[in-house]
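The values are calculated or read from the model by the stated rules, or taken from the named source; none is laboratory data. Here the structure is a predicted model, which is why all the values come from computation and not from measurement. When we count neighbours, we look across all protein chains shown, and the Cβ atoms used for this are built from the backbone with ideal geometry, even at glycine. Calculation scope for accessible area: heavy atoms of the full protein, side chains included, ligands and nucleic acids excluded. Shrake-Rupley method; radii C 1.70, N 1.55, O 1.52, S 1.80 Å.
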Amino acid sequence: MRDVYLSLMRSLLGVAGFIPILAFTQDYVQQRPAAPPSGMEWNIGLGLGIDYGGIGAQVQCRPAPPLVMFAGGGYAFAGFAYNVGAQGRILPEAKWCPFLAAMYGYNAVIVVKGADQYNGIYYGPSVGLGVENHRRDNARNFWRFELILPFRPQEFQDDIDALKKNPRIEVRSEPPPFSFSIAYHFGV
């Protein structure tokens, strides 16, 4: 009985070992539509996250498949916020395209209900790591998921500390040390 069990386990492990290889190969070989004659590709994304200005939109320009330049803006609960930056795409022809990003813009906000004079939007650099999930039937449209590490300005921490010391204000939450963003992009 033990031999049958070991044989079955070896077979299952062998099959399981090939699944990621087959999935990667299938995604990597996907054909992408030809770039426009100018060589530039443009897309617009609607999303949530600091690189979209909170709740907003982002315009991307790809001068070359591995390079993306972007600008985003939207509503950050205390007003309009923006972000600009660039990203490097690691596997630009793959269905699942990982990327690294660097940006400057909104990366923290303070909102105090009933005391708008304390509200503020704070700007600074941020870096991100993410992935684009391109559609098989139209690779110019894709989902974008990103984990972002903001480098918040000292002014933000000073304002949070002052609010904590204010007896009339109850600080219910502070932002985590990282942020997420999710969006859907449409090829233009």
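In nm, give the distance between the simple-model label positions of Leu149 and Ile44, each being 7 Å from the Cα along the Cα-to-Cβ direction. Calculated label separation equals 3.4 nm.
Ranking Leu46, Leu91, Leu147 from most to least accessible surface, computed with a 1.4 Å probe over the protein chains only, gives Leu46, Leu147, Leu91. The C-alpha radius of gyration of region 44-182, expressed as a fraction of 2.2 N^0.38 Å, stands at 1.16.
With a Förster radius of 35 Å applied to the beta-carbon distance between Lys165 and Leu129, the computed FRET efficiency rounds to 0.50. Shape summary: region 117-179 maps onto an equivalent ellipsoid whose semi-axes, from the alpha-carbon gyration tensor, are 36, 12, 10 Å in decreasing order.
For region 80-151, the relative contact order comes to 28 percent (Cα pairs under 8 Å, sequence separation of at least 6).
Taken along the Cα-to-beta-carbon direction at a fixed 7 Å, the label points for Ile90 and Arg172 span 3.8 nm.
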